[in-house]
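For reference, the structure is listed below as structure tokens.
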Amino acid sequence: MRRARPLLESLVAVGIGLIAGGALMLPFRYHPLKAYQALFQGAFGTPHDVMETLAFATPLMLTAVTFAVGVRAGLFNIGAEGQMYIGAIGAVFAASLLPLPPGLHILVATLVAMICGALWSLVPALLKIWRGVHEVISTIMFNWIAFHLATYLAIYYLAEPGRAERTRPALPTARYPILAEGSTLTAVIFVAILFCLAVYFLLWGTRMGYEMRLVGENPEAARYAGVQIGQALLWSFLIGGMAAGLAGASQIIGRPPAWSLYATLGNVATLGFDGIGVALVGRNHPLGGILAAILFGALQHGGRFMEYHAGVVSELVRAVNGLIVITLAIPELWTLVRRRLTL
Amino acid sequence: MSGFLSRLGWIVLAILGLGLLAYGLDQVGLEPISLLEAGLLAMTPLALAAVGECVNEKAGVVNIGLEGILLITAVVGVWVAEQFGSGIAGLIGGMVVGALIGLVLGLLAVYGRADQIIAGMGLNLFALGFTPYLLMSLWAFPGIHIFPRELMVPRWITPLGQISPVTLAAILLAFLAHILLHHTVLGFRIRAVGEKPEAVDVAGVRVDGLRLFTSVLGGALCGLGGAFMPLAWFGGVVKEISAGRGFIALACVVFAGLEPLLALAAAFLFGLTEGIAYAVAITPGVKERIPFYFVNMLPYVVTLLVVTLVIGRRRFPRTIGRPYTRE
């Protein structure tokens, strides 16, 4: 029962978030029940929809890892957004401009994106370690710098000739195979899940992960135990950056039909911020993050049906994400819920 | 106090540096007055949000949801202005909604014992989705809304150029916040509640009341800043109108070590940076050479530089971010 409690808390928070989101529909005369019915039918109604939901979940489980691995080391790293932009740019560069044989090309494009993401997290990491600059400020500034840099590179250097609205598409050799005809789910989801598993193993199965968690739980004890705190923080940032870079790549070389980055960054924008909610619902655990990502993927895919059938703008789903996070911030809520349950 | 002076020195140095840059730009055909005008406009929302947050953090409450408040109140401000046919009403509407959001966050922090960082971030995430939702639901147009020109809050013509009355209000409020914190009983209590809430409690003053008050005050000022952006500056609202200003305001607060006047100075510095960026982007002869995208990065780069270079031993209230429990 004790192990089930975090799951229960997350589910209650999701429920409250959805109800509050429904309340936001009322002033505009939308029908919440109809909207949510359309949403969940759209998200899970057919096998095709389930696959689409998983396609939406893929980047989210990765940006959730960015936040989660930060929290585990005591950081509030909200830089996934910018690291993902830079990762996406790296993926576009490697996938569209480097002529490489099949197989190797996918590997190189994926690695380039991950390295780009990690490099983008390096400066906030060093600023934190050397100067004590709070990561909330540094990573947000880096997100905005990344936004303008990525837009610039996409328009000036990587644009598809004759189509300024997007970059060159990934060469066929760099594209992850599509898992089913007509679906946008590709094999990149396996890479994403593997990455989450690897981070899980790293955090709970290696000395480095143990030290990172010790720094997060109790920095004083960690220092006393001789842990190199700076090193632990650096790795937390870099692993997070790699996850975000991979998330960016997943939208370029693992997501038809565009196989490219829009000049507005429209096909990656906000996926990094969405990951924060996913991580918190997944209790900052890489594996919990996978489950939570599927839930949020369902909200995002189903949100389009909600817009179509009930007229509710799909962005409301992102507002629900925020409401869930706010709910999860309140520990007193759980004491209240528990009291009710035990009465 | 020496920290105060050294930090003020940095600000003066930085502003002089920017002034030099402005002089350089002047040589290629840029007007200093327009630069000051743009800088003061950009300063206003930063200063309002930062000054309120200084007072709030002095009482031991952190609100990193400033960005979210700026976004939501920008949209609501425009809507209220259109309902009442007056830009001033819109500013008041923004303030009221900002105060309400501050109240909710305050209630969560004080009675819900919420993790204030996560709750504030939750507010930011909420605003990220709620703002486009509101724009679409209110005006049935995605991502942007331009309102009638006559709803704009007029600017006053002064020897220093056209200045918005809201800008003057922001400067005045920074001084008032300074007086409040350092020269009134209420301010003494606010500072005490951040340092030693149990002492305040024993003295018979309500800890929860004080913290709720600062949270509402911070929200109201931030809401004014949010409504200011469309109604007295841009003339329209887009879904990413705040563009990280809530976090730049937090940088002001951190830099200022919670002193409202220093926060105002920092806001002016960052505002001037934005003014320069804007000026560069429109000046013929310069704009062709420097890509617009790099100019856009300037405010964020300068914010990072300032926070990195000028970090001394800042002292924050002892109980910052932590709820108070009576023993």
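Could you please find all residues in the stretch A:116-132 being within 20 Å of A:W259 (Cα to Cα) and of a type in the set (A, V, I, L, M, F, W, C)? Outline the logic, then answer.
As a first pass, look at the stretch A:116-132 and keep what is within 20 Å of A:W259 (Cα to Cα): A:116-117.
Once the filter is applied, which keeps residues that are within 20 Å of A:W259 (Cα to Cα) and of a type in the set (A, V, I, L, M, F, W, C), the stretch A:116-132 yields only A:C116.
Looking only at helices (runs of 4 or more DSSP H) that fall completely inside the stretch B:39-146, which ones have 2 or more residues that are more than 12 Å from chain A (Cβ to nearest Cβ)? Before you say what the answer is, go through the steps one by one.
Details: elements: B:66-84, B:87-110, B:116-139.
Hits in the stretch B:39-146: B:66-84, B:87-110.
Look through the stretch A:269-296, keep the residues that are in a loop (DSSP other than H, G, I, E, B) and either without any contact (Cβ under 8 Å) to a residue 12 or more places away in the chain or surrounded by fewer than 24 Cβ atoms within 10 Å (Cβ to Cβ) (or both), and return whichever of them is farthest from the other protein chains (Cβ to nearest Cβ). Can you show your working first?
Initial filter on the stretch A:269-296 (in a loop (DSSP other than H, G, I, E, B)): A:269-270, A:282-285.
Within this subset, residues satisfying the condition of being either without any contact (Cβ under 8 Å) to a residue 12 or more places away in the chain or surrounded by fewer than 24 Cβ atoms within 10 Å (Cβ to Cβ) (or both) are A:269-270, A:283-285.
On the way: A:A269: 9, A:T270: 6, A:R283: 13, A:N284: 11, A:H285: 16 Å.
Per the criteria, the residue is A:H285.
With the structure loaded, tell me whether B:R318 is within 13 Å of chain A (Cβ to nearest Cβ) and basic (K, R) or whether it fails that test. Working first, answer last.
On the way: within 13 Å of chain A (Cβ to nearest Cβ): no; basic (K, R): yes.
Here the answer is no, as B:R318 does not meet what is asked.
Just the residues that are free of Cβ contacts under 8 Å to residues at least 40 places away in the same chain, in a helix (DSSP H, G or I) and within 14 Å of chain A (Cβ to nearest Cβ), please, taken from the stretch B:268-293.
Let us first name the residues in the stretch B:268-293 that are free of Cβ contacts under 8 Å to residues at least 40 places away in the same chain, namely B:277, B:281-282, B:287-293.
Now drop any that are not in a helix (DSSP H, G or I), which leaves B:277, B:281-282, B:292-293.
Within the stretch B:268-293, B:A277, B:A281, B:F292, B:Y293 qualify.
Table: residues versus (1) part of a helix (DSSP H, G or I); (2) in contact with a Ser or Thr (Cβ under 7 Å, 6 or more places away or on another chain); (3) more than 14 Å from chain B (Cβ to nearest Cβ).
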residue	(1), (2), (3)
A:G15	yes, no, yes
A:A43	yes, yes, yes
A:L54	yes, no, yes
A:V65	yes, no, yes
A:V71	yes, no, no
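Looking at (1) more than 13 Å from chain B (Cβ to nearest Cβ); (2) at pLDDT below 90; (3) over 20 Å from A:I16 (Cβ atoms), which is the one condition that is false for A:E307?
(1)
Looking at the stretch B:218-239, can you tell me whether even one residue there is within 14 Å of another protein chain (Cβ to nearest Cβ) and within 30 Å of B:V78 (Cβ to Cβ)? First the steps, then the outcome.
So the first thing to find is which residues in the stretch B:218-239 are within 14 Å of another protein chain (Cβ to nearest Cβ), and the list is B:238-239.
With the extra rule that they be within 30 Å of B:V78 (Cβ to Cβ), the set shrinks to B:238-239.
So far as the stretch B:218-239 goes, yes, one or more of its residues are within 14 Å of another protein chain (Cβ to nearest Cβ) and within 30 Å of B:V78 (Cβ to Cβ).
Just to verify a result, which residue in the stretch B:92-110, among those that are out of contact with any Gly (no Cβ under 8 Å at 6 or more places or on another chain) and not small (G, A, S), is surrounded by the fewest Cβ atoms within 10 Å (Cβ to Cβ)?
Across the stretch B:92-110, the extreme among qualifying residues is B:L107.
Out of all the residues in the stretch B:232-239, is one or more in a helix (DSSP H, G or I), of a type in the set (A, V, I, L, M) and at pLDDT 90 or above?
yes
From the set of residues in the stretch B:240-267 that are more than 11 Å from the chain's Cα centre (by Cα), more than 14 Å from every other protein chain (Cβ to nearest Cβ) and in a helix (DSSP H, G or I), which is nearest to B:P299 (Cα to Cα)?
Filtering first and then ranking leaves B:A265.
Yes or no: the stretch B:167-177 includes at least one residue that is buried (at least 18 other Cβ atoms within 10 Å of the Cβ) and over 22 Å from the mean Cα position of the chain (by Cα). Reasoning before the result, please.
Our first condition is that a residue be buried (at least 18 other Cβ atoms within 10 Å of the Cβ); within the stretch B:167-177, this holds for B:167, B:169-171, B:173-174, B:177.
From the residues that got through so far, the ones that are over 22 Å from the mean Cα position of the chain (by Cα) too are none.
No, the stretch B:167-177 contains no residue that is buried (at least 18 other Cβ atoms within 10 Å of the Cβ) and over 22 Å from the mean Cα position of the chain (by Cα).
The values are calculated or read from the model by the stated rules, or taken from the named source; none is laboratory data. In this text the structure is predicted, and so the values were computed from the model without any measurement. Don't worry about glycine lacking a Cβ; one is built from the backbone with ideal geometry, like all the others, and counts go over all protein chains shown.
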